[in-house]
Amino acid sequence: MIGIKIPKMGAATVEVDLTKWHVSKGSTVSPGQIIAEVESEKTTIEIEVQHAGVIEEICVPEGTSTEVGVVICRLRPT
């Protein structure tokens with residue numbers, strides 16, 4: 001199982017809002033696919049996966065504030 005984390009967005013950014021999921025539990029994903037969007041005070045970024053697999057668990061619901069580095073979902077590689 002691979003934990004997909006919110007990447008570091010800048011030295012001052014500690015907390016972000018997960019604004020949108022582009023996948024749901026059970027979705028099959030490919031490397032480079034955008035799975036979510038997160039927003040800080042300064043920017044919005046798209047989170048993409050690096051591995052092919054299936055989304056096994058969504059750990060952070062859409063509309064939730066969370067910290068950089070937190071696992072937002074778990075991926076079962078295929």
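Observations on the structure shown:
- Taken together, the residues in segment 44-57 that are outside any strand (DSSP E or B) and either touching a residue at least 60 places away in the same chain (Cβ under 8 Å) or open to solvent by 60 Å² or more (accessible area, probe 1.4 Å) (or both) amount to 2.
- Answer residue from segment 63-78, given it is in a strand (DSSP E or B) and under 12 Å from V16 (Cα atoms) and is most open to solvent (accessible area, probe 1.4 Å) among those: E67
- The combined condition, being farther than 17 Å from M1 by Cβ, surrounded by 12 or more Cβ atoms within 10 Å (Cβ to Cβ) and in contact with a Ser or Thr (Cβ under 8 Å, 6 or more places away or on another chain), is fulfilled by E37.
- Yes/no for G10 being open to solvent by 60 Å² or more (accessible area, probe 1.4 Å) and on the phi > 0 side of the Ramachandran plot: no
- Hey, V60 in a loop (DSSP other than H, G, I, E, B), at negative phi, open to solvent by less than 40 Å² (accessible area, probe 1.4 Å) and at pLDDT 95 or above or not: yes
- Segment 57-73: number of residues that are closer than 15 Å to K5 by Cβ and not β-branched (V, I, T): 5
The values are calculated or read from the model by the stated rules, or taken from the named source; none is laboratory data. All values derive from a computational prediction rather than experimental measurement. Methodologically, a virtual Cβ is constructed for each residue, glycine included, from the backbone with ideal geometry; neighbour enumeration extends over all protein chains shown. For the accessible areas, the whole protein counts, side chains as well, though only heavy atoms, and no ligand, DNA or RNA atoms are used. Shrake-Rupley method; radii C 1.70, N 1.55, O 1.52, S 1.80 Å.
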